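Report on one structure; see the data block that follows.
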Amino acid sequence: MTEHHRQKFTFLNTVFFPIGKGIIFFFEDLGKYFSIVWWMIFNSRNAKEYSRNIFQQMVMIGNNSIPIVLFVSTFVGMVTAVQSSYQLYDWIPRTVVGALVTKSVLLELAPLLTALVLAGKVGATITAELGTMRVTEQIDALEALAFDPISFLITPRVIAGILMFPILIVFGDLVAILGGMFGASIVAGIPNASFIEGMKNSFEIWDAVFGIIKAVFFGYIITSVACYQGFKVHGGSEGVGKATMNTVVITSLAVVVMDFVLASVLL
Amino acid sequence: MIYLKNIWKSFGEKQVHKGLNLEIRPKETLVILGRSGGGKSVLLKMIIGLIKPDSGTVTVDEKEVTTMSFKQLQRLRMKFGFLFQGAALFDSMTVGENIELALRRHSDFKDGDIQERVEYALSLVKLENIEQVMPSSLSGGMKKRVGLARAIALTPKYMLYDEPTTGLDVETADGINLLINELKTMLGVTSIVVTHDIHSAFVVGDRFAIFEDGQFILIGTKDDIRNSTNPEVRKYIESDIQT
């Protein structure tokens, strides 16, 4: 091999080796994730044995997230109303602001922003919790006690996510619309009656149902990815921190991609 | 009986087991002695199927562990009690819930019986009235005792101890060693103890397997160790192994 060939080979190796390794790692990770999902589905008949865990997780994911969901939704509604009235004030009737806020909130803003907030709150909590259990051998201890850790730890969290996200998003919808009405009233001077008229005229049940369908998918993806990331932690507290960050990044990206896919398919 | 035959295991580039062979006899306490981080704990996890060897066989009660289905592994694990190095108590549960978890899942005991079993298991490890305490409020030694109570709640046939005295002061460590011996006498269990602490090893062990660089360099009794001329073995006798 000549010096020129050697340099060329080293260059190609430097460029392509990490890419190839990354691709293999990605598909390996994806395979492991789906093998856990498959195990979860295959053993879902055991879920009733862990009903207490499901209830605990519903409280953790649902009840404990209500304050932040309400807070975010209120401001999302207010900002949407204020910006709508700012952009459209001189052009269109005032009732349109109510219609615009309702449509935007139900179809997109409440489900998406709630999911992104919960990707941080719920996703990070789940990964940190399971990751800590992994590095302190609590998951090994569960297995040593002849438990199935996937059915015991992951399935209840995913079921709780699928059940509670839609409920949280319904709360988010309601509060965001009320926030929108309040924001339109105090900042843009739009009477509540005009806002409500616009809301009534534009409201379609499918818009709310679409948001709830999205919530089910978001609940699934956030909890399942968070559980998987926590489950595969290694390397002590540093590993827990890294996995928690991965969860927030991956679930946030997955939520926006899924948002687009669902909108394309269902609307 | 437990047999490990020609066990090979590597993690990435690191070869941790190089053709290990070991036999654990009924009712004995076998101590696996070696440096921390060498792969001793991995052996314990292999015995209950938490980790699979790259090659070789693990046999428990004449059944091959490495080829067992998940259900078979669950049945096998019910025969074992496992004390983890850091006790591995479930920190979202109280002490009582930690101990009763396996009883509720794997036994037909009613609530009252479970309560009695929890109290009995705690009394065996010399603890009382701490069922409602959270693990985070316990000292290191108490955590180990609760871990031990959880491990024996289902009256196992085999006990696996992973570094039972690591991180404990001498007095507490002696207490744990005493407990290991008492449990052996009271419950008649076969035990495997993994440790780097030669003092503890000599207090609890009937036989010893010295693990060095992925292999057992000596398997024998206390006298075999004392009489050995192998410099690696002498090192273990002359000084406590530094972690």
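Binning the alpha carbon pair distances of segment B:1-126 at 10 angstrom intervals from zero yields the distribution 11, 35, 32, 19, 4, 0, expressed in whole percent. Taking a sphere under 15 Å around the Cβ of residue B:69 and counting the other residues whose Cβ falls inside, with K and R at +1 and D and E at -1, yields a net charge of +2.
Listed from fewest to most Cβ neighbours within 10 Å, the set B:5, B:45 follows the order B:5, B:45. When chain A is treated as a Gaussian network with alpha carbon springs shorter than 10 Å, the biggest mean-square fluctuation among A:52, A:134, A:157 belongs to A:52. Value of Rg to Rh for segment A:211-267, rounded to two decimals, is 1.11; Kirkwood radius and Rg both from alpha-carbon coordinates. Counting charges near residue B:161 (Lys, Arg +1; Asp, Glu -1) among other residues having Cβ under 12 Å from its Cβ returns a value of 0. Among A:252, A:85, A:237, the largest mean-square fluctuation in a Gaussian network model of chain A, built with springs joining Cα atoms closer than 10 Å, belongs to A:237. So what's segment B:101-169 giving for Rg/Rh, alpha carbon basis, Kirkwood Rh from the mean inverse pair distance? For segment B:101-169, the value is 0.97. For chain B, the fraction of C-alpha pairs more than 25 angstrom apart is 42%. Distance check, please: which entries in B:40/B:126; B:18/B:71; B:79/B:144 exceed 22 angstrom between their Cα atoms? Checking Cα-Cα distances, B:40/B:126; B:18/B:71 exceed 22 Å. Classify segment B:27-72: rounded, prolate or oblate, from the alpha-carbon gyration tensor (a ≥ b ≥ c, eigenvalue square roots; a/c under 1.5 rounded; otherwise prolate if a/b is larger than b/c)? Oblate, since a/c reaches 1.5 and b/c is not below a/b. For segment B:1-64, taking Cα atoms only, Rg and Dmax work out to 11.5, 37 Å respectively. From least to most packed, judged by other beta carbons within 10 angstrom and beginning with the fewest, B:148, A:267, B:30 follow the order A:267, B:30, B:148. Amide hydrogen proximity for residue B:16: with H placed 1.01 Å from N in the peptide plane, the residues at 5 or more positions away or on another chain lying under 5 Å are B:9, B:10, B:11.
Across the alpha-carbon atoms of segment B:136-230, the computed radius of gyration and Dmax are 14.3, 47 angstrom.
Binning all Cα-Cα separations of segment A:39-83 at 10 Å, short to long from zero, yields these whole-percent fractions: 23, 28, 22, 18, 10. Ordering B:57, B:38, B:22 by the projection of their Cα atoms onto the charge dipole of segment B:1-71, which places +1 on the Cβ of Lys and Arg and -1 on the Cβ of Asp and Glu, puts B:38 at the extreme positive end.
Ranked by how many other Cβ atoms sit within 10 Å of their own Cβ, fewest first, the residues B:200, B:228, B:55 fall in the order B:55, B:228, B:200.
The H on the amide N of residue B:55, modeled in the peptide plane, is under 5 Å from the matching H of B:8, each at least 5 residues off or on a different chain. Taking chymotrypsin sites (Phe, Trp or Tyr not before Pro) across segment A:75-171, the ones in a DSSP loop with at most 16 further Cβ atoms lying within 10 angstrom of their Cβ are A:89, A:91.
What would the Debye equation give as log₁₀ I(q)/I(0) for segment A:190-233 at q = 0.14, 0.27 Å⁻¹, counting only Cα atoms as equal point scatterers? Taking Cα atoms of segment A:190-233 as identical point scatterers yields -0.55, -0.87.
Partner aspartates and glutamates whose Cα lies under 15 Å from the Cα of residue B:14, excluding those fewer than 8 positions away in the same chain, are identified as B:54, B:212, B:213.
Among the trypsin sites (Lys or Arg not before Pro) in segment B:62-142, those located in a DSSP loop and surrounded by at most 11 other Cβ atoms within 10 Å of their own Cβ are B:110. Inverting the pair-averaged 1/r between distinct Cα atoms of segment A:1-103 gives 20.4 Å as its Kirkwood hydrodynamic radius.
The alpha-carbon atoms of segment B:148-204 define a convex hull whose volume equals 74 cubic angstrom per residue.
Taking each DSSP H run with n ≥ 4 as -39500 (n - 2.57) and averaging over every residue of the protein assembly as shown yields -20000 deg cm²/dmol at 222 nm.
Membrane-span-like helices in chain A, defined purely by DSSP H runs whose alpha carbon atoms cover 24 Å or more axially and whose average Kyte-Doolittle hydropathy reaches 0.5, are A:66-88, A:155-186, A:205-231, A:236-266. Here the scattering of chain A is modelled by Debye summation over its C-alpha atoms, one equal scatterer each and no solvent; at q = 0.11, 0.12, 0.13 Å⁻¹ the log10 of I(q)/I(0) is -0.70, -0.78, -0.86. Based on the convex hull around the alpha carbon atoms, segment B:74-115 presents an average projected area of 3.6 nm². In terms of the Cα gyration tensor, with a ≥ b ≥ c the square roots of its eigenvalues, is segment A:92-137 rounded because a/c is under 1.5, prolate because a/b exceeds b/c, or oblate? In terms of gyration-tensor shape, prolate.
The convex hull of the Cα atoms of segment A:72-191, projected and averaged over all directions, covers 8.4 nm². If you sort the three axes of the alpha carbon gyration tensor as a ≥ b ≥ c, you get a/c of 1.5 or more for segment B:179-243 and a/b above b/c, which makes it prolate.
Take residue A:216, project a point 7 Å from its Cα along the Cβ direction, then tell me which residues of segment A:150-187 have their backbone nitrogen under 15 Å from it. Correct set: A:159-170.
Give me the base-10 log of I(q)/I(0) for segment A:128-267 at each q in 0.09, 0.16 Å⁻¹, Debye formula, one uniform scatterer per Cα, rounded to two decimals. Log-scaled intensity ratios, in q order: -0.43, -0.91. Computed over the Cα atoms of the protein assembly as shown, the ratio of the radius of gyration to the Kirkwood radius (Rg/Rh) comes to 1.10.
Counting only DSSP beta bridges with both residues in the protein assembly as shown, tell me the antiparallel percent, nearest 5. Roughly 50 percent of the beta bridges in the protein assembly as shown run antiparallel, per DSSP.
Projecting label points 7 angstrom from Cα along Cα→Cβ for residue B:185 and residue B:213 puts them 4.1 nm apart.
Bear in mind that the values in this text are calculations on the coordinates, not laboratory data. None of the values given here were measured: they were computed from a predicted structure. In this analysis, Cβ positions are derived from the backbone assuming ideal geometry, glycine residues included, and neighbour counts consider all displayed protein chains.
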